[in-house]
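The values are calculated or read from the model by the stated rules, or taken from the named source; none is laboratory data. None of these values were measured; they are calculated from a predicted model. Because the Cβ atoms are built from the backbone with ideal geometry, glycine has one as well, and the counts that use them run over all protein chains shown. Side chains included, ligands, DNA and RNA excluded: accessible areas come from the protein's heavy atoms. Shrake-Rupley method; radii C 1.70, N 1.55, O 1.52, S 1.80 Å.
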Amino acid sequence: MNYSEIFTTFLIDLQSYFRQRVSYPGASYQQLIAIIIIPNDGIEMNQLAFKIGIKNSTLTRLVDGLKHKKWIKKKQQLDDKRITKVFLSPRGIEVQRNLIKQIEKLGGEVEKNVGGSISQEIIENLSMLHWGVLKSKRKKFV
């Protein structure tokens, strides 16, 4: 199996597994991804769009939906009004914690299926693969 084959099958299966097992009432898949990504100290809108892999205009609609749910807050930078940061609201923090618990449960299930003796090796190899993907992704957008 080559990289393109494993990427395709792994992406489809992982996304399907995630969509079936990680949810929050009234939230779309993209909203869940955004909530998971937003750190405690916030994130600039363009960085969030890059991480999710969507255009800024699409992110604006996504963020507006999250703001409507009162899961996030938007703040313009004082020194540069063109930059807007997104922060989790107290309700958003609660949603994020709920999602992380669900993801940790998934991780535990997968680890149980794989077996503890080889799990660390798999984690290291997946981390290297992840680094390679990020490196390729950044090259395209730089």
Stretched fully, the stretch from Phe10 through Lys81 gains (0.36 nm per residue minus C-alpha distance, one decimal, in nm) 21.5 nm
If the chain between Ile123 and Tyr3 were fully stretched, how many nm would it gain, using 0.36 nm times the residue separation less the Cα-Cα distance? 41.5 nm
HN-Hα couplings for the stretch 18-25 via Karplus (6.51, -1.76, 1.60; θ = phi - 60°), in whole Hz with x for Gly/Pro, come out as 4, 4, 6, 10, 10, 8, 8, x
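Taking only the alpha-carbon atoms of the stretch 59-142, what semi-axes of the equivalent ellipsoid follow from 5 times the gyration tensor eigenvalues under a square root, in whole Å, largest first?
That gives 34, 22, 10 Å for the three semi-axes.
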Taking the Cα centre of the stretch 12-109 as origin and charging only Cβ (+1 Lys, Arg; -1 Asp, Glu), how large is the dipole, in debye to the nearest 20? 380 debye
When the charge dipole of the stretch 78-118 is computed with +1 at the Cβ of Lys and Arg and -1 at the Cβ of Asp and Glu, the Cα pointing farthest to the positive end, of Ile83, Ile118, Gly107, is that of Ile83
GNM result for the chain, Cα springs below 10 Å: residue of Leu14, Leu99, Leu66 fluctuating most strongly: Leu14
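Taking only the Cα atoms of the chain, how large is their convex hull per residue, in Å³? Mind dumping the intermediate values first?
On the way: hull volume 20.0 nm³, N = 142.
Value for the chain: 141 Å³ per residue.
What accessible area per residue comes out for the stretch 31-77, rounded to a whole number of Å², with a 1.4 Å probe?
I get 56 Å² per residue for this part.
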With label points set 7 Å from each Cα along the Cα-to-Cβ direction at Glu111 and Lys70, the distance between them in nm comes to 3.6 nm
Would you mind checking which residues have amide H under 5 Å from Glu44's amide H? H placed 1.01 Å from N; only 5 or more apart, or other chain. Val86
Under 16 Å between alpha carbons, and skipping anything fewer than 8 positions from Lys51 in its own chain: which lysines qualify? Lys85, Lys135, Lys137, Lys139, Lys140
So what's the convex hull volume per residue for the Cα atoms of the stretch 23-67, in Å³? 73 Å³
Subtracting the Cα-Cα distance from 0.36 nm times the residue separation, let me have the gained length for Arg91 to Ser23 in nm, one decimal. 22.9 nm
